[in-house]
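So the structure is just underneath, and the comments pick up after that.
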Amino acid sequence: MNDERVNVNNTEELEEMNFNVVGNDAIASEKIIAPRYSYWKSVFRVFFKHKGNILLIALFVLMITSAIFVPMICKYDPYENITDATTYNLSPAKAMASFGHSFKWLLGSGPSGNSIMYNIFAGARTSLFLAIMCSLVNMTLGIIVGAVWGFSKRLDAILIPIYNIVANVPYILLVAVLIYIVGAGFWSMVFAMTVTQWIGVAFFFRTQVMIIRDREYSLASKCLGTPVGRIVSKNILPFLTSVIVTLLATEVPSYISLDTYMAFIGLGMSAKIPTLGRMISDAQTAFITYPWEFWPPVAYASLLTIILYLLGQSLADATDPKTHM
């Protein structure tokens, strides 16, 4: 009687541990039941395990949506008060007293009586769109060309000399020359920032592909006659997901910083196009006398860059299969 109770208790414990008692059935005892593994489900599980990422996402979504929709609702006009010199460089308190208490004048007025608050959101929309477009161009061309470059010796013979030449030309100097040649418009900036930068991304992925292509499973696929495109898409690129995310995490913030720097040295987009860099450049000489014109766009650009970097690093860690244990 006691033995039966022990067997019953053991059976219940095994079932609680997700074991199934199969008895003396030889076929059933050889059957292995493993839980289904979902890569992206594991990625999001690891990513959202850190509660700080939820706060970062909320801040990022808030900044993105405000940069997109606030300029649509609240039209920004940099010259709306240019004929009234009494509205120039007003502090937030004086702007509220002059125009009334409203969201528009929460940060005061600029050097031509314009709203700093509206200027920040309009500039953030331009800077974000520029950074995203440049990153998409660079990453798309870089990944595709780099994946093929890692396999093709003919392409390697063509692109290696080009890369060596481009890599030895100062990037800022090249961008500055191109802006002088093609102009200072939005798409001119996208062209100047990406015309050579993508080849550096391609060279990086070429190196990563060359490391993975010589592994046993890739060699086995090649011996079985698997097309190169399928080897790249199935055997190589999935292993580079964390690398792609890590690189993308640095691309977007770097272009926001580059736009700010180019405007700071006077090589940004035209004055008609509001950007965060243009705001910082215009207020650099007055950041002591009129600090409300300088520090808000600096704080916004810095916060956006930091959030993007931290989210990218966390997502890069989450996409690494080693963290899914």
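Sorted from fewest to most neighbouring beta carbons within 10 Å, what does the list Cys134, Cys223 look like? Before the final figure, lay out each step's value.
Working: Cys134 25, Cys223 8.
Exposure proxy ranking, most exposed first: Cys223, Cys134.
From the phi of every residue in region 39-54, what ³J(HN,Hα) in whole Hz does the Karplus formula 6.51 cos²θ - 1.76 cosθ + 1.60 yield, where θ is phi - 60° and glycine or proline is x?
4, 5, 5, 5, 4, 5, 5, 5, 5, 7, 5, 8, 5, x, 5, 5
What percent do you get for the relative contact order of the chain when only Cα pairs under 8 Å and 6+ apart count?
Numbers: 367 pairs, mean separation 70.9, N = 325.
Relative contact order for the chain comes out at 22 percent.
Which ³J(HN,Hα) values in Hz, rounded to whole numbers, follow from the phi angles of region 259-265 under the Karplus curve 6.51 cos²θ - 1.76 cosθ + 1.60, where θ = phi - 60° and Gly and Pro get x?
Residue by residue, region 259-265 yields 4, 5, 5, 5, 5, 5, 9 Hz.
Quick one: order Phe205, Phe60 by neighbouring beta-carbon count within 10 Å, fewest to most. Each step should come with its number before you reach the end.
On the way: Phe205 25, Phe60 16.
Fewest-to-most Cβ neighbours within 10 Å comes out as Phe60, Phe205.
Go through region 207-219 residue by residue and turn each phi into a ³J(HN,Hα) via Karplus (6.51, -1.76, 1.60, θ = phi - 60°); whole Hz please, and just put x for glycine and proline.
5, 5, 5, 5, 5, 7, 5, 9, 6, 4, 5, 6, 5
Taking R0 as 56 Å, what's the FRET efficiency between Arg154 and Trp295 from their Cβ-Cβ distance, rounded to 0.05?
E between Arg154 and Trp295, to the nearest 0.05, is 0.55.
Please find the FRET efficiency linking Phe103 to Ser233, where r is the Cβ-Cβ separation and R0 is fixed at 45 Å, and quote it to the nearest 0.05. Before the final figure, lay out each step's value.
Details: r = 49 Å, r/R0 = 1.08.
The computed FRET efficiency comes out at 0.40.
Between Ile162 and Ile54, 0.36 nm times their residue separation minus their Cα-Cα distance comes to what?
Numbers: separation 108, 0.36 × 108 = 38.88 nm, distance 4.29 nm.
Taking 0.36 nm per residue and subtracting the Cα distance, the gain is 34.6 nm.
Over the Cα atoms of the chain, what is the Rg over Rh ratio if Rh follows Kirkwood?
On the way: Rg = 28.0 Å, Rh = 24.0 Å.
Answer for the chain: 1.17.
Report the calculated FRET efficiency for Ile265 and Cys223 (r = Cβ-Cβ distance, R0 = 45 Å), to the nearest 0.05.
Values: r = 55 Å, r/R0 = 1.22.
It comes to 0.25.
Relative to the present Cα-Cα distance, how much length would full extension add between Thr65 and Ser188 at 0.36 nm per residue of separation?
Values: separation 123, 0.36 × 123 = 44.28 nm, distance 2.57 nm.
Stretched out fully, the Thr65 to Ser188 stretch lengthens by 41.7 nm.
Test of understanding: what is the full-extension gain from Arg215 to Asp84, defined as 0.36 nm times their sequence separation minus their Cα-Cα distance? Display every interim value, and only then the final one.
On the way: separation 131, 0.36 × 131 = 47.16 nm, distance 7.07 nm.
Extending this stretch completely gives an extra 40.1 nm.
Every number in this text was worked out from the coordinates using simple rules, so none of it is lab data. Just so it is clear, the structure is predicted and the values come from calculations on it, not from any experiment. In this analysis, Cβ positions are derived from the backbone assuming ideal geometry, glycine residues included, and neighbour counts consider all displayed protein chains.
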